[in-house]
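Engineer: One structure, as structure tokens, below. Some questions next.
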Amino acid sequence: MSAVTPVGLRFDHVSHGYDIGGALLPVLEDVSLDIAPGEFVALLGPSGCGKSTLLRLAAGLELPRAGEALAGGVPITGPGPERILVFQEATLFPWRTVRRNVEAGPEARGELAAKQARVDEALRLVGLEAFGAAFPHQLSGGMAQRAAIARALVNDPRLLLLDEPLGKLDSLTRLNLQKDLIRLWQDRGFTALLVTHDVEEALLLADRVVLFSPRPARIIEELRVDRPHPRRRDDPVLIALRTRLLASLGVLEDV
Ligand code: ADP
Ligand code: MG
């Protein structure tokens, strides 16, 4: 697979909320954020503040109540194969093999026959070439998440939206998948927007970390992580940034 042309993402004074029994629950408040094509941005913030909502707006699964969300300068009006969301739960179809799961996107677009080599390549990219015939219940948590990532990659996303994709994995699997994500991002060249609750993960992966307040989410801090890959978690620059982020999150901790 050749690399993709990444797409930039812009939230322009976006506010959003949900109607709960006739009352509006405010979730995002005047969020403005500019993400460059090919950039890797991590979103951090307290549980329930609105991070997943922001990803759903980028995916086109919701439309903002105020302001605008734009991809490549064009207002987002619905979902599209160039912007793909990967969830915390792998959400594979349990009745389909790994390969048939990866084939879902091309199949829905009527491109299955033409995309067989792409399906092979996507499975290879995530190290599952030997597991195409396996069913989801036969996979470990890490393999299931890899399959979900392959199912996204086969569509050649120009923007990959990752909603705590490693959140439920054990720590060793998590470390391996963090490396995989960076490799895939470097190989494929997509723009990446990652929600995580793990400060260290944000600092290991992202070019920029954006910190949100409790709901309704406002941006309270943005910092650039100007370090080359591969990064080391004991890098003094990252440790200093970690201390700063934890302080901003109001978490008192000895580092
Ligand atoms: P986060 O991902 O930061 O944990 P979410 O964006 O999932 O936060 O949710 C933000 C708030 O919006 C929460 O209070 C949640 O209960 C509420 N919420 C999320 N989705 C919906 C929905 N579809 N309908 C009503 N409320 C929702
Ligand atoms: Mg969430």
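The values are calculated or read from the model by the stated rules, or taken from the named source; none is laboratory data. This is a predicted model, so every value here is computed, not measured. Note that each Cβ is placed from the backbone with ideal geometry, even for glycine, and that neighbours are counted across all protein chains shown. Please note that ligands, DNA and RNA were not included when accessible areas were found on the heavy atoms of the full protein model with its side chains. Shrake-Rupley method; radii C 1.70, N 1.55, O 1.52, S 1.80 Å.
Engineer: Along Cα→Cβ, 7 Å out, is where each label goes; now give me the distance between the ones at R96 and E121 in nm to one decimal.
Structural biologist: Between R96 and E121, the simple spin-label model gives 2.0 nm.
Engineer: For the range 1-152, with only Lys/Arg (+1) and Asp/Glu (-1) charged at the beta-carbon, what is the dipole magnitude about the Cα centre, in debye rounded to 20?
Structural biologist: Here the range 1-152 has a charge dipole of around 540 debye.
Engineer: I would also like to ask the following. To the nearest 20 Debye, how big is the dipole of the chain about its Cα centre, given +1 on the beta carbon of each Lys and Arg and -1 on that of each Asp and Glu? Present the calculation step by step, with values, prior to reporting the outcome.
Structural biologist: Details: 30 positive and 33 negative charges, 103 e Å.
Magnitude of the dipole: close to 500 debye.
Engineer: Please name whichever of P157, P214, G45 sits farthest to the positive end of the charge dipole of the chain, dipole taken about the Cα centre and charges placed at Cβ: Lys and Arg +1, Asp and Glu -1.
Structural biologist: Projecting each Cα onto the dipole axis, the largest value belongs to P157.
Engineer: Tell me, what is the 1.4 Å probe accessible area of R118, in Å² to the nearest 10?
Structural biologist: 70 Å²
Engineer: Considering only the range 144-230, what is the antiparallel percent among its DSSP beta bridges, to the nearest 5?
Structural biologist: 50 percent
Engineer: Still on this structure, I have one more. In µm²/s, what is D for the range 57-170 at 37 °C and 0.692 mPa s, where D = kT/(6 pi eta Rh) by Stokes-Einstein and Rh is the Kirkwood radius from Cα pairs? Each step should come with its number before you reach the end.
Structural biologist: Working: Rh = 14.8 Å.
Rounded to a whole number, D works out at 222 µm²/s.
Engineer: List the lysines whose Cα sits under 20 Å from the Cα of K168, skipping any in the same chain fewer than 8 residues away.
Structural biologist: K51, K179
Engineer: Can you tell me the 0 to 90 degree angle between the C-alpha axis of helix 236-248 and the longest principal axis of the chain, rounded to 10?
Structural biologist: 60 degrees
Engineer: Now for a separate question. For the chain, which semi-axes, largest first and in whole Å, follow from the square roots of 5 times the eigenvalues of its Cα gyration tensor?
Structural biologist: Whole-Å semi-axes of the equivalent ellipsoid: 29, 23, 17.
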